[in-house]
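Written below as structure tokens is the structure these notes are about.
The values are calculated or read from the model by the stated rules, or taken from the named source; none is laboratory data. Given the structure is predicted, the values throughout are model-derived calculations rather than measurements. Cβ: placed from backbone, ideal geometry, glycine included. Neighbour counts: every protein chain shown.
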Amino acid sequence: MKKPLLFFAFAVALGVAVDQGTGPFVQLILIYIVINMMLAMSLNLVNGFTGQFSLGHAGFMATGAYSSAYLSTVLPHFGGAGQLFDFALLAFLGGLSAAVAGLLVGLPSLRLRGDYLAIVTLGFGEIIRVILLNTPAVGGARGMYGIQGPQDLNLGGIAISRFLWAFTQASGWAVLCFFVLWRLIRSQQGRHFLAVREDEIAADAMGVDTTRTKVLAFVISSFFAGVAGSLFAHYANYLNPASFAFTRSVDVVIMVVLGGMGSLTGSLFAAAFITILPELLRPLQEQTGIDLRMVIYSLTLIVLMILRPQGLMGSREFQWGWLGKWWPQPRPKAES
């Protein structure tokens, strides 16, 4: 219990520092980093730890985003300091709707394996996008405008900016996602996930309900993708089906592969890297007038995959003790 609180306290301190020392653009990128971290960790449960191949994560994110945005227009709001509860509830409901979608997709499709499963999940993501394009209740092709989002707060004389509140909530969900998956993977159910990944036929022969195991991983992954979609919707205040196209799913898959299949901390590092790199290269495009940004971005990913095909972390998790190898050690005192 102490570690999640410690990480959450660090995230809040980081949010305060960013809120005081940077502008809206950096703040927006930081929110997107946290959202992408949740997407990468949740997909890693399916692709990395359970050994399946899903290409429909953007569909679950869209389900959570649009469900949460629509519910914000019909549910009563507490307002003021009550928004601390409002948006936490909306994020949970968005995640719940995505989990239901994951269950409906998972039950019939997760009996498939490999490329067949990838095609089914890809089709699901495109079906969701086309439905949203043709649903006037959520804006259709023009998108959904004016979504209610976090506002500046004043709690007992303490001013809390819109960014700080949104970042605190997003960080809380990301910390919860990390430690839920961390404990789950190290439980008996987690052993079932790994058994399905290593050899599904052998796992089935040993009594593991492989279909149930894959559906469970799919539902949990979908839930956190829906939460990430809700956070995205209420901070951006605008949704468009184009934001959840096939390329969004591919970006998340890249984060999982680059960070390491089966490494939660690797997903964190890769999500931050993939989100920041295109923005760091943006001045190059402005100076040269040539769109070299995505070319360099793609080449960087190719080089990393050639030099480190197993990903940044492989299947390992980051250990604080690794820093000691690079930190200068004091010389032992000479004996007198």
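Side notes on the structure shown:
- Output for segment 257-287, where each listed residue is of a type in the set (S, T, N, Q) and farther than 23 Å from V26 by Cα: S263
- All positions within segment 245-256 that are part of a helix (DSSP H, G or I) and surrounded by fewer than 23 Cβ atoms within 10 Å (Cβ to Cβ): F246, T247, R248, V250, D251, V253, I254
- Members of segment 257-266 found to be part of a helix (DSSP H, G or I) and either of a type in the set (S, T, N, Q) or over 23 Å from the mean Cα position of the chain (by Cα) (or both), listed by number: T265
- Within segment 291-336, the only residue that satisfies the criterion of being part of a loop (DSSP other than H, G, I, E, B), surrounded by 10 or more Cβ atoms within 10 Å (Cβ to Cβ) and modelled with pLDDT under 75 is L292.
- Within segment 267-281, not a single residue is surrounded by 18 or more Cβ atoms within 10 Å (Cβ to Cβ), modelled with pLDDT of 85 or more and not in a helix (DSSP H, G or I).
- Verdict on T288 being more than 27 Å from M313 (Cβ to Cβ), surrounded by fewer than 19 Cβ atoms within 10 Å (Cβ to Cβ) and of a type in the set (S, T, Y): yes
To keep it simple, each residue is scored yes or no on (1) among the polar types (S, T, N, Q); (2) without any contact (Cβ under 8 Å) to a residue 24 or more places away in the chain; (3) surrounded by fewer than 18 Cβ atoms within 10 Å (Cβ to Cβ).
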residue: L103; (1), (2), (3): no, no, yes
residue: L107; (1), (2), (3): no, no, yes
residue: L112; (1), (2), (3): no, yes, yes
residue: Y116; (1), (2), (3): no, yes, yes
residue: F124; (1), (2), (3): no, no, no
residue: P136; (1), (2), (3): no, yes, yes
residue: A141; (1), (2), (3): no, no, yes
residue: M144; (1), (2), (3): no, no, no
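- Residue that is farthest from L84 (Cα to Cα) [pool: residues in segment 107-149 that are in contact with a strand residue (DSSP E or B) (Cβ under 9 Å, 6 or more places away or on another chain) and not small (G, A, S)]: L132
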